[in-house]
Amino acid sequence: MSETDAADRPLDRYDAYENPLAGRYASVAMKRVFSARFRFSTWRRLWLALAEGEQDLGIPISDPQLEEIRDNLDTIDFERAAALEKELRHDVMAHIYAFREQCPEAGKILHLGATSCFVTDNSEVVQVRTGLELVLRKVRVVLRNLREFCLEWKDLPTVGYTHFQPAQFTTVGKRAALWLQDLLEDHRDLSHALAGLKFRGVKGTTGTQDSFLKLFDGDHGKVLALDRAVAEKMGFDAVWPLTGQTYTRKQDSRVLAALSGLAQSAGKLSSDIRLLCNLQEVEEPFGKKQIGSSAMAYKRNPMRSERIAALSRWLISLAQNAPSTTAAQWMERTLDDSANRRLTLGEGFLCADAILELLMNVTSGLVVQEAVVNRHVREQLPFIASEELLMAAVKDGGDRQDLHDVIRTAALDASQQLKAQGGDNTFFERIADHPRLGPALKRLDRDPGRFVGRAPQQVTEFVANELDPELAGHPEETMADEIAV
């Protein structure tokens, strides 16, 4: 078989590369947003909006022509358009020709005054808007899941770590509230990106609107009215006041930066969960028939969190691409952005969606192994309490530096015994007979809850003052792949 024959041979899904984001990870809903059907049916709706706006402003376009377009908005002959593109080497013209074959009368006025970026750029803004709306809904599901988890576990003391070494106590709920705060910031950034989206509008070949000015015999008011009308018909209040042939690619950079922020938060959350799984304190959901390892049947690997980490790393790196594209644009337009953006925008949203699918699952079923958490707290409590003992003994008349040395020596010896022999923490026993530290130890309240500071109050205050007001504007939401897009 020749190379040409091999290249032309139809491939089924098992013979061709399939993007894992589409094949394995992203939801049906997000895949629809970036599908060929969504893209090209949006092109047709843009052509309809343009024709309607032009008719309203006096261009001789008939009602039957508009009806012809409306009747064929979703009757796309993909195979015919593909055949035409192979011949014409131009995707927009291929779809214009294919549409014209279905709408011979409307075809006479189709795309009147417009350039290719009228449909490509504007349809991509529609895709980005729809994608952001879907991402934000899923972020809110995760926020609500974590809200319940934080409040449920806000009072349970746990060992806090710096440098992944025991430091002071916090609570299980307070630690999770740190994840919650990051994701709330992402919700705000994504909401800002959505609210700030601008439509490219009706700008012509180099953004001067010259073709439309000629179409309306020099009437600037009608050109501006058409620009506003098409945007409104497509659901946008804001239109870029200035463009070249394309809208500024800074808009893509802003959107991808917000998606990258989500990935950063998800990566941090997933790393924490993986560490907590190792400590056996908090575990992600694990199915009854789930297999953790092909060799080690006893293993319970945090595979969802690991996948979140992997996808987050990819999305963060992907978001760095958009600024490079923005910086590389020439004058009013250069085509080196096109193939790049087809990858960056679609994969960026599919990756964010895949991360959120996993986050919704993980945060809805986190398991706290309370007995393990309590055991670790008991092991570290004597060390955590040493600062209070030091201050109490100094108040009783002791020398701060001398007492510090006694505590340091006893703590290091107790720590070494724990590492070498296991068992209980013997720090208290080692200082019980000290003339200054002993009496302070007898007065010590050993309730771990005394050492978490304001962690429980911080959780409730954050939920009440920051999270709940943000969620108040959105009704309770659930997600399913059948969501309409």
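So Met331 clears everything in (1) over 11 Å from Arg249 (Cβ atoms); (2) in a helix (DSSP H, G or I); (3) in contact (Cβ under 8 Å) with a residue 24 or more places away in the chain except one condition, right? Which one?
(2)
Can we say Val367 is out of contact with any strand residue (DSSP E or B) (no Cβ under 7 Å at 6 or more places or on another chain) and touching a residue at least 24 places away in the same chain (Cβ under 8 Å)?
Values: out of contact with any strand residue (DSSP E or B) (no Cβ under 7 Å at 6 or more places or on another chain): no; touching a residue at least 24 places away in the same chain (Cβ under 8 Å): yes.
No; evaluated as a whole, the condition is false for this residue.
Of the conditions (1) aliphatic (A, V, I, L, M); (2) under 27 Å from Asp219 (Cα atoms); (3) part of a loop (DSSP other than H, G, I, E, B), Leu73 clears all except one; give me its number.
(2)
Between Arg45, Arg37, which is in a helix (DSSP H, G or I), under 19 Å from Val230 (Cβ atoms) and touching a residue at least 24 places away in the same chain (Cβ under 8 Å)? Reasoning before the result, please.
Working: Arg37 fails: under 19 Å from Val230 (Cβ atoms).
The unique qualifying residue is Arg45.
Of all residues in segment 334-356 being touching a helix residue (DSSP H, G or I) at 6+ places or on another chain (Cβ under 7 Å) and of a type in the set (Asp, Glu), which is nearest to Ala309 (Cα to Cα)? Give the steps one after another, and end with the answer.
First, the residues of segment 334-356 that are touching a helix residue (DSSP H, G or I) at 6+ places or on another chain (Cβ under 7 Å): 337, 340-341, 344-345, 347-356.
Now restrict to residues that are of a type in the set (Asp, Glu): 337, 347, 353.
Details: Asp337: 28, Glu347: 16, Asp353: 14 Å.
Out of the qualifying residues, it is Asp353.
Looking at segment 159-177, which of its residues are crowded, with 19+ Cβ neighbours inside 10 Å and touching a Gly at 6+ places or on another chain (Cβ under 9 Å)? It would help to see each step written out before you state the result.
Quick first cut of segment 159-177, residues crowded, with 19+ Cβ neighbours inside 10 Å only: 159-160, 169-177.
If the condition is that a residue be crowded, with 19+ Cβ neighbours inside 10 Å and touching a Gly at 6+ places or on another chain (Cβ under 9 Å), then Phe169, Thr170, Thr171, Lys174, Arg175 are the ones that fit.
Give me a count of the residues in segment 51-107 that are under 36 Å from the mean Cα position of the chain (by Cα), closer than 30 Å to Leu224 by Cα and among the basic types (Lys, Arg).
So the answer is 1.
Search segment 371-388 for residues that are modelled with pLDDT of 90 or more and pair each with any residue that is among the basic types (Lys, Arg) when their beta-carbon atoms are under 8 Å apart and the residues are at least 6 apart or on different chains.
Once the first residue is modelled with pLDDT of 90 or more and sits in segment 371-388, its partners that are among the basic types (Lys, Arg) give Leu381/Arg446; Ala385/Arg446.
If you go through segment 406-414 one residue at a time, do you hit one that is β-branched (Val, Ile, Thr), within 30 Å of His434 (Cβ to Cβ), surrounded by 15 or more Cβ atoms within 10 Å (Cβ to Cβ) and out of contact with any Asp or Glu (no Cβ under 9 Å at 6 or more places or on another chain)? So that I can check it myself, show each step before the final result.
Narrowing segment 406-414 to residues β-branched (Val, Ile, Thr): 406-407, 409.
Checking which are within 30 Å of His434 (Cβ to Cβ) leaves us with 406-407, 409.
If we keep only those that are surrounded by 15 or more Cβ atoms within 10 Å (Cβ to Cβ) as well, we get 406-407.
When the remaining residues are screened for being out of contact with any Asp or Glu (no Cβ under 9 Å at 6 or more places or on another chain), the result is 406.
Yes, the conditions are met somewhere in segment 406-414.
Taking segment 440-451 only, how many residues are farther than 14 Å from Glu387 by Cβ and surrounded by 15 or more Cβ atoms within 10 Å (Cβ to Cβ)?
Counting residues in segment 440-451 that are farther than 14 Å from Glu387 by Cβ and surrounded by 15 or more Cβ atoms within 10 Å (Cβ to Cβ) gives 1.
Given the options Val372, Val377, Val394, name the one that is assigned to a helix (DSSP H, G or I) and either over 14 Å from Leu156 (Cβ atoms) or aromatic (Phe, Trp, Tyr) (or both). Write out each step before concluding.
Values: Val372 fails: either over 14 Å from Leu156 (Cβ atoms) or aromatic (Phe, Trp, Tyr) (or both); Val377 fails: either over 14 Å from Leu156 (Cβ atoms) or aromatic (Phe, Trp, Tyr) (or both).
One residue alone meets the criteria, Val394.
If you go through segment 208-236 one residue at a time, how many are at positive phi and within 40 Å of the chain's Cα centre (by Cα)? Spell out the reasoning first.
First pass over segment 208-236, keeping only residues at positive phi: 209, 217-218, 235.
With the extra rule that they be within 40 Å of the chain's Cα centre (by Cα), the set shrinks to 209, 235.
The qualifying residues number 2.
Mind checking which residues of segment 76-102 are surrounded by 17 or more Cβ atoms within 10 Å (Cβ to Cβ), of a type in the set (Phe, Trp, Tyr) and more than 15 Å from Leu112 (Cβ to Cβ)? Spell out how you get there, then give the answer.
Looking only at segment 76-102, we keep the residues that are surrounded by 17 or more Cβ atoms within 10 Å (Cβ to Cβ), and these are 76, 81, 84-85, 91-92, 94-99, 102.
Going one step further and asking which of them are of a type in the set (Phe, Trp, Tyr), we end up with 97, 99.
Answer for segment 76-102, where residues must be surrounded by 17 or more Cβ atoms within 10 Å (Cβ to Cβ), of a type in the set (Phe, Trp, Tyr) and more than 15 Å from Leu112 (Cβ to Cβ): just Tyr97.
How do the pairs read when you match residues in segment 415-427 that are assigned by TED's automatic domain parsing to the domain that holds Ala440 and among the aliphatic types (A, V, I, L, M) with residues anywhere that are modelled with pLDDT of 90 or more and surrounded by 10 or more Cβ atoms within 10 Å (Cβ to Cβ), using Cβ under 9 Å and keeping only pairs 6 or more apart or on different chains?
Within 9 Å, the pairs are Leu418/Glu379; Leu418/Asn425; Leu418/Thr426.
Is it the case that Ser312 is of a type in the set (S, T, N, Q), touching a Ser or Thr at 6+ places or on another chain (Cβ under 9 Å) and within 30 Å of Glu284 (Cα to Cα)? Walk me through how you get there before you give the answer.
Numbers: of a type in the set (S, T, N, Q): yes; touching a Ser or Thr at 6+ places or on another chain (Cβ under 9 Å): yes; within 30 Å of Glu284 (Cα to Cα): yes.
Against the criterion (of a type in the set (S, T, N, Q), touching a Ser or Thr at 6+ places or on another chain (Cβ under 9 Å) and within 30 Å of Glu284 (Cα to Cα)), Ser312 qualifies.
The values are calculated or read from the model by the stated rules, or taken from the named source; none is laboratory data. These figures come from a predicted structure and were not determined experimentally. Cβ sites come from the backbone with ideal geometry, for glycine too, and all protein chains shown count toward neighbours.
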